[in-house]
Each structure stands twice: as C-alpha cells, then as structure tokens.
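Enquirer: Have a look at the structure that comes next, please.
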Amino acid sequence: MPGFETGQTLVRRDVNRTGRVWSEQALRVVADTGEALVSACAPGAEARRPALYANARDGGERSVRTEAFEAMAMAMTMATGEWELADAVWQETDLLLWKPPAAWFSVNAFFVPRGEGRRLRNWYVNFEHPTRRTEAGFDTFDLAVDLVVTPDLTRWEWKDEDEYARVRRIGIVSDTEHRAVDAARAQVLAVPAARAGAFAQAARWAGRRREPSWPTPRLPWPTAAAERAAPQGG
C-alpha cells in the first residue's frame, strides 16, 4: 500500500480482535517514512467513540468507563453484543502522534495554548497494537496502560495500571497481547533516557508549530458506516 502524503486526512481506528471498531479519530499526516507515521490533530477534529465511554469522559465517572469495557468483553467472549459509537470531537489539546509500524506503542505529544502559541504539556506513550494500514489510515487497538513523560524527558510515571489489570482480567487483553506489552514496556523505558526513537528529535517535535493552512480533519465517512473490520489474531 503506498505511503500517505503530507497534509492528507488520516483515520486512526481502534479495532479489537473480533473486528469490532472501538473508536475512530481523524488526523492529518505530518510525515510518512519507514521509521514512523507521524500525524496530528487539533481541537475540533472529528472522532467517534463508544457512547458509554464518551459519557464517562464528559462526566468523569470511571465506573461508566468500566461499563463500556464490560460491554466490549461480552461482545468478544460471546461473539454477540453491540456498543453504540457516538460522534465526538478532539478537545483541549493539540496532538502530535508518532507511530512506528511494528511497535506495540505510539509516542504522543500533547500541546496546550500559551499566549498566541502553544507549549508542550507532556509526552505520552500509548501501548497499542502495531499498525495495520488501511486505505483511509491505520488500525490499531489501545491496550489501556500508558506512560506519561515530562516535557524535558527526565521523569515518567505509569498511568491506568488499574484499568489495564481489569481489561486483562475480563479478557479484552489476551495473554499474547500482555506478553507483547511487557516486552514493549522494557523497550519504552529505555527510549527517553537514550533520546532514541521519537525522542531523538524531541526538541524539534516539541517546537513544531501547527500548520495554519490545514483545515480541521474530518472523518471521510458518515456515522452510518460499517463498524466491523477484519478480525485480528492474539
């Protein structure tokens, strides 16, 4: 499949191993190289998320997020069950996403407004499936646990380990996926200190400005689009 052009609309989808689409996010291509696919979005970028999960985000109720995970677990275990995807938009931060093709993680930079510009709030390593390219973008699957890194790369902490333990327990994350996450954790912990991977160019990425000529990315299909992709192994 040919590479993506800079400025092109890209859709990241989270697809679980049954082929059900968990979320969609419209992004804009920054660079597409053999090393990584780099994309970005700003507040207002279109998305679709499980309605239960969106309600949890809006209301700050983690118990509702748990309910959304339970619905996914039921659908994966029983090969039945549905979850409704609700229209949403990216909020609050500018995102720069660095996704190596074979890695079980992505590196994300979150920016917040500062005067007429913006500042880097933090780096965020998201553990997820390796890239599966599609005509519209790429599929992956968020595996719940994350690593939050300070802008200067000197300190980091794990995030959502309790949520990760739960999705492990109810079968959303398989043993195979868990082993891959464990291996990726060790790899990722060495990256900031070594200034390797995305962090080899941390200063350049941290200072990158939003391209003013790029419109807010929109999803290229209506909300009635099919919500099933090819099932995945693992």
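Enquirer: Identify, please: which residue in the range 168-186 is in contact with a helix residue (DSSP H, G or I) (Cβ under 6 Å, 6 or more places away or on another chain) and in contact (Cβ under 8 Å) with a residue 60 or more places away in the chain and is, among those, surrounded by the fewest Cβ atoms within 10 Å (Cβ to Cβ)?
Expert: Gly171
Enquirer: Return the only residue of Ala144, Ala136, Ala184 being on the phi > 0 side of the Ramachandran plot and not polar (S, T, N, Q).
Expert: Checking each option against the conditions leaves just Ala144.
Enquirer: Could you tell me whether any residue of the range 106-119 is buried (at least 18 other Cβ atoms within 10 Å of the Cβ) and within 23 Å of Thr18 (Cβ to Cβ)?
Expert: Yes: the range 106-119 contains one or more residues that are buried (at least 18 other Cβ atoms within 10 Å of the Cβ) and within 23 Å of Thr18 (Cβ to Cβ).
Enquirer: Could you check the range 107-158 and list, in sequence order, the residues that are of a type in the set (S, T, N, Q), in a strand (DSSP E or B) and over 11 Å from the mean Cα position of the chain (by Cα)?
Expert: Within the range 107-158, Asn122 is the sole residue that qualifies.
Enquirer: Follow-up. Ala109 - would you say it is closer than 17 Å to Cys41 by Cβ and in contact with a helix residue (DSSP H, G or I) (Cβ under 7 Å, 6 or more places away or on another chain)?
Expert: yes
Enquirer: Being of a type in the set (Asp, Glu) and surrounded by fewer than 17 Cβ atoms within 10 Å (Cβ to Cβ) is the filter; apply it to the range 1-42 and report the residue that is nearest to Gln91 (Cα to Cα).
Expert: Per the criteria, the residue is Glu5.
Enquirer: Still on this model: Among the numbered conditions (1) of a type in the set (Asp, Glu); (2) touching a residue at least 24 places away in the same chain (Cβ under 8 Å); (3) more than 29 Å from Arg118 (Cα to Cα), tell me where Asp162 comes up short.
Expert: (2)
Since every read-out is calculated from the coordinates, none of them should be taken as a lab result. All values derive from a computational prediction rather than experimental measurement. Cβ sites come from the backbone with ideal geometry, for glycine too, and all protein chains shown count toward neighbours.
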